[in-house]
Amino acid sequence: MPSASTELAFLPAAAARRLLGSRQVSAVELAEAHLARIEALDADLGCYLHVMGETARSQAEAADARIKAGSPAPLTGIPVALKDVLCTTDAPTTAGSRILAGFRSPYDATVVARLRDAGAVVLGKANTDEFAMGSSNENSAYKPVRNPWRRERVPGGSSGGPAAAVAGGLATLALGSDTGGSIRQPAGFCGVVGVKPTYGRVSRYGLIAFASSLDQIGPFARTVEDAAMLLTAIAGPDPDDATSVPVPVPDFAATLDGDLRGLRIGIAREYNVDGMEPGVEVAVAAAIRRLESLGAELVEVSLPHTEYALATYYITAPAEASANLARFYGVRYGSVVEAPTLLETYQRTRGEGFGPEVKRRIMLGTYALSSGYYDAYYVKAQKVRTLIKQDFDRAWESVDVIVAPTSPTVAFHLGARTTDPYQMYLADVFTIPANMAGIPGISIPCGFSDGLPVGLQLLGKPFDEATMLKVAHAYEQAEPWHTMHPEVSGHA
Ligand code: GLN
């Protein structure tokens, strides 16, 4: 891999924007550098389910023309990857599932339309666990993703493709979705920045739904500034999504002033579990000390219902998923498997089209919603969800952000948890509460354990991504982690 192209591949979006603006680099060069790396490395890494070389090249040419004309938009010429749960008209959208093999959406997701307006160059559709259900990307019906830091490790999930693509220099930015941690956990495992915005901050129109009351789309980037830029580009109300909230969208990148004096950062004693890796604890403890040395005040907070979050999530999310996935029966959506009767057609289409984890969720969810169990499970979970939210509401009376590990461990080995769903579910024990409460969260790199990245999670008040990003940025700038990249070229 020539070093010039490696340099382009690891250029932050903000720096690329400056070089594009001063015409020191062209959007076509930037796109070609990424496409060359995808060509050389992705057969091994597995980040992409569909590479869009041709459309990327023509978008890059259009970007260069726009720059030449002196009217670039905020992301003009920046190469991005889209998790394959985001609908696009110019490429298939599969959600990592066989049942949607070859599916073409008749419309673009709102976030995709906004990226196009902002001038981004879409490199391709990135790998994901099937219907975003998983924590390792191993539930993808197509192929696993390898962690660019170490090939025998998972990248995390479900947005394993977007996270690994950004970490490995196979995209400058990416969009993923986070229902219980699927942006923050893979960002942590891959050593990049991942943001789950406040529920309602970003339109979900055109996102293939997993659990509609929890799903949010959000950015992956290698720096907080880049993630902030991308969030500004996609956020804001949308008439096509009634749950998107009409609050003003700040220019998030402009509010990163590095000043943490007077900020109160909460440490929740409940964010500590058995099985927490010592290397993760050490890195997170050091990060907390660093935040304090930057002028923040540390305050202990209590989130007593945290211990019920995982159980509550595994009622709520499958319940919503079982309803959302009812539409895939081969008529309107889903590649139909023909059988002698209509019922058998449905059975075979769903039986052969869905993988084992998706079937497990549909069964769990259908059970939790069935009459006789609805009150005991679904309604009870809704009540506990309110308690979890109230824990955070109380915490915000004394702190501005909360700090915690992103995950209890670093990236585990491929295959290590595939036979034990509960072990897999535990990977999200620290990320799920934010989805239950609807609050924003970010994972940023905070060091290494055993040579693998550790993620630091910051949680913010509803619609106060700005403060959360500001704290993340101040920490990032005080540490070297964001400048470190895996040596992926050597394996090509
Ligand atoms: N790992 C969690 C699950 O499998 C979260 C997934 C997500 O956020 N999409 O449900």
Q: Take peptides 305-317, 7-19, 70-82, 342-354 and line them up by average Cβ neighbours within 10 Å, highest first, as a rough protection proxy.
A: 70-82, 305-317, 7-19, 342-354
Q: Would you mind calculating the gained length between residue 398 and residue 331 on full extension (0.36 nm times residue separation, minus the Cα-Cα distance), in nm to one decimal?
A: 18.9 nm
Q. Over the chain, what is the relative contact order in whole percent, taking alpha-carbon pairs under 8 Å and six or more residues apart?
A. 18
Q: Taking the Cβ of each residue in 240, 226, 464 as the centre, tally the other Cβ atoms inside 10 Å and list the residues starting with the fewest.
A: 240, 464, 226
Q. If we sort 164-174, 284-294, 86-96, 244-254 on the protection proxy, mean other Cβ atoms within 10 Å, highest first, what's the order?
A. 164-174, 86-96, 284-294, 244-254
Q. If you take the square roots of the eigenvalues of the alpha-carbon gyration tensor of segment 1-125 and sort them as a ≥ b ≥ c, do you get rounded (a/c under 1.5), prolate (a/b over b/c) or oblate?
A. oblate
Q.
I want to make sure I understand the PRE zone here: with the label point 7 angstrom from the Cα of residue 269 toward its beta carbon, which residues in segment 291-312 have backbone N atoms less than 12 Å away?
A. 300-304
Q: Pop the C-beta distance of residue 255 and residue 338 into the FRET formula with R0 = 56 Å and round what comes out to the nearest 0.05.
A: 0.50
Q) Taking a quarter of the surface of the convex hull around the Cα atoms of segment 206-266, what do you get in nm²? A) 6.1
Q) Okay, helix-only estimate at 222 nm for the chain: each DSSP H run of n ≥ 4 adds -39500 (n - 2.57), divide by all residues, round to 500 deg cm²/dmol; what do you get? A) -11500 deg cm²/dmol
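When 67, 183 are ordered from fewest to most other Cβ atoms inside 10 Å of their Cβ, what list results?
Lowest count first: 67, 183.
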**Q.** Label zone at residue 382 (point 7 Å along Cα-to-Cβ), backbone N below 14 Å, segment 300-316
**A.** 316
Q. What residues of segment 101-130 lie in the reach of a label at residue 352, counting those whose backbone N is under 18 Å from a point 7 Å from the Cα along Cα→Cβ?
A. 101-103
**Q.** Over segment 63-131, volume per residue of the alpha carbon convex hull, in Å³
**A.** 79
Q) According to the Cα gyration tensor, what semi-axes, each the square root of 5 times an eigenvalue, does the equivalent ellipsoid of segment 177-331 have, listed from largest to smallest in whole Å? A) 30, 23, 15
Q. What dipole magnitude, in Debye to the nearest 20, does the chain give about its Cα centre under +1 on Lys/Arg Cβ and -1 on Asp/Glu Cβ?
A. 580
Q: Please express the shape of the chain as an equivalent ellipsoid: the semi-axes are the square roots of 5 times the eigenvalues of the C-alpha gyration tensor, given largest first in whole angstrom.
A: 31, 29, 21
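Just so you know, all these numbers are worked out from the coordinates, no wet-lab data involved. Just so it is clear, the structure is predicted and the values come from calculations on it, not from any experiment. Neighbour counts run over all protein chains shown; Cβ positions are idealised from the backbone, glycine included.
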